[in-house]
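Only the coordinates and a few stated rules stand behind these numbers; no lab work does. Keep in mind that this is a model prediction, so the values were computed, not measured. Heads up, the Cβs are rebuilt from the backbone with ideal geometry, glycines too, and the neighbour counts pull from every protein chain shown.
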Amino acid sequence: MISIPDIEDLGKRALRSLPGPNAAAREPLTRQSFVKLVVPVFLIYYLTAVLVLLPHSFANKFIRLSLLPVSLWLAYSAATGIDVTLAYDEPRLNYCNQALIVVVTGIALRVVDWTFQKSPLTRLSPGGEESQPKRVSTFRLFGDALDLVFNLRGIGWRWSRSAYIPPSPWPNPRSKPEFVLTSLFTSILRFVVFDCIQYSIQVSYPLLADHRGASLFDPSLPPLARYLKAWLICIGTGFIIYHGLQAWYQQAAIVGVLVFQHDHAQWPPLFDEPWKATSLADFWGRRWHQILRRGFLTVGSKPLRKVFGRVGGVMGAFLVSALLHDWATWGMGRGGEFWSVGGFFLMNGAGVVAEELWRKITGRQVRGWPGWVWTMAWLVGWASVLVDAWARRGTGSSCGGNNLGQG
């Protein structure tokens, strides 16, 4: 009789037998490899942004559809063709390979979205109404396309009208210089905080400071202490991701405001105090960052919702997230681990579906302090499997920038 572990082992061996990219064949990040592999991704990304702003004639639609497979192939080549650690001979920079895959995959998701847009994208007026002049100059067109390319959440554009914008915990800046100085100060503060958390984790569990990696579950401890320690590290990892992403985002905001002359209102906070979430739907729908939300909805949620209804829509979005994070984990050079990495996101999708089922059965929303306990327990419990997969690939030893994976 075949047991469940046997079935899981067969599944893993089947996935390993599938053809795929060879992580060992990647090139170092050099000027030549950057120009050859990365620059074309951004050029065709920008070209698609220009096309989606123009009137959608038959020729326009045909060109966008023709460019889509080229865009996806270029993104795939960039994600699987460069290893950042080789250029610097620093294995602790391996998290940069994760980041590279997340970035190019995010671009690919956005290109898919723009390819199938049925009408030109338009800006929104301060009152939230569509505002598009009848005739747009070439200079304005190329400027708008540049704004689309570097606008992480599409704020100020029709395609993000339904996106949730977190309130700022800081007083609204009265000028661009004030916004830049505030962003610079808080980003540095956030870098210091997550470095302190990282150092504390490494001191409490020295094996995680080794780039060769180690299991999150310390085998030298008795079971209760072992799991308690792992859960505390998971919580610390969540705050590392929170502060790291917010810090990088704030520095990107400085570039956006100073170089691209964005209005600082285009760069609201990335998170909304996720530790206060009282349901999984609240956590993933509002409080966690929403940078990739549009791509998850377009590629995963909408297609599966048409076939399987709301449950399919929820699970479709989390499935795309699971695949993205598993592929990013592959970037660490030791293969993917879908049932651990992707499983975290799929189980969170299942948790959101369970909350909806609870509401239909009882007529009550998941909220309040019981909802908070449920949310944190579900997140931390499943995160231990995810963070263990990252830790065994050496992300706990990361130096500089973010560490312990991408959120």
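Some notes on this structure:
- Label sites at residue 172 and residue 224, each approximated as a point 7 angstrom past Cα along Cα to Cβ, lie 5.3 nm apart.
- Summed side-chain charge close to residue 272 - residues other than residue 272 whose Cβ falls under 10 Å, Lys, Arg +1, Asp, Glu -1: +1
- Relative contact order for the range 144-230, counting Cα pairs under 8 Å that sit 6 or more residues apart, in percent: 10
- Taking a ≥ b ≥ c as the square roots of the Cα gyration tensor eigenvalues, the range 165-407 comes out oblate, since a/c reaches at least 1.5 and a/b does not exceed b/c.
- Extending 7 Å from Cα along the Cβ direction at residue 46 and again at residue 65 yields two label points whose distance is 2.8 nm.
- For the chain, averaging the sequence separation of C-alpha pairs within contact (under 8 Å, six or more residues apart) and dividing by the residue count gives a relative contact order of 21 percent.
- Note on residue 119 and residue 25: the extension gain reaches 29.7 nm, defined as 0.36 nm multiplied by sequence separation minus the Cα-Cα distance.
- Taking a ≥ b ≥ c as the square roots of the Cα gyration tensor eigenvalues, the chain comes out rounded, since a/c falls below 1.5.
- Least to most buried among 211, 243, 262, 325 (fewest other Cβ within 10 Å first): 211, 262, 243, 325
- Kyte-Doolittle mean at least -0.5, axial Cα span of 15 Å or more - DSSP H helices of the chain: 39-53, 58-81, 95-115, 138-150, 176-204, 223-258, 302-330, 338-362, 368-391
- Lys/Arg +1, Asp/Glu -1 at C-beta; the chain dipole; positive extreme among 291, 101, 227: 291
- In Å, descending, principal axis extents of the Cα set of the range 188-280: 56, 34, 19
- Under a 5 Å amide H cut-off, with hydrogens placed 1.01 Å from N, residue 398 pairs with 404 among residues at least 5 apart or on other chains.
- Net charge of Cβ neighbours under 13 Å - reference residue 362; Lys, Arg +1; Asp, Glu -1: +2
- Helix-only arithmetic for the chain: the sum of -39500 (n - 2.57) across DSSP H runs with n ≥ 4, divided by the residue total, places the mean residue ellipticity at 222 nm at -20000 deg cm²/dmol.
- Inter-label distance, nm, simple model (7 Å from Cα along the C-beta direction), residue 202/residue 365: 4.3
- Gain on full extension, evaluated as 0.36 nm per residue between residue 184 and residue 141 minus their Cα-Cα distance, stands at 12.4 nm.
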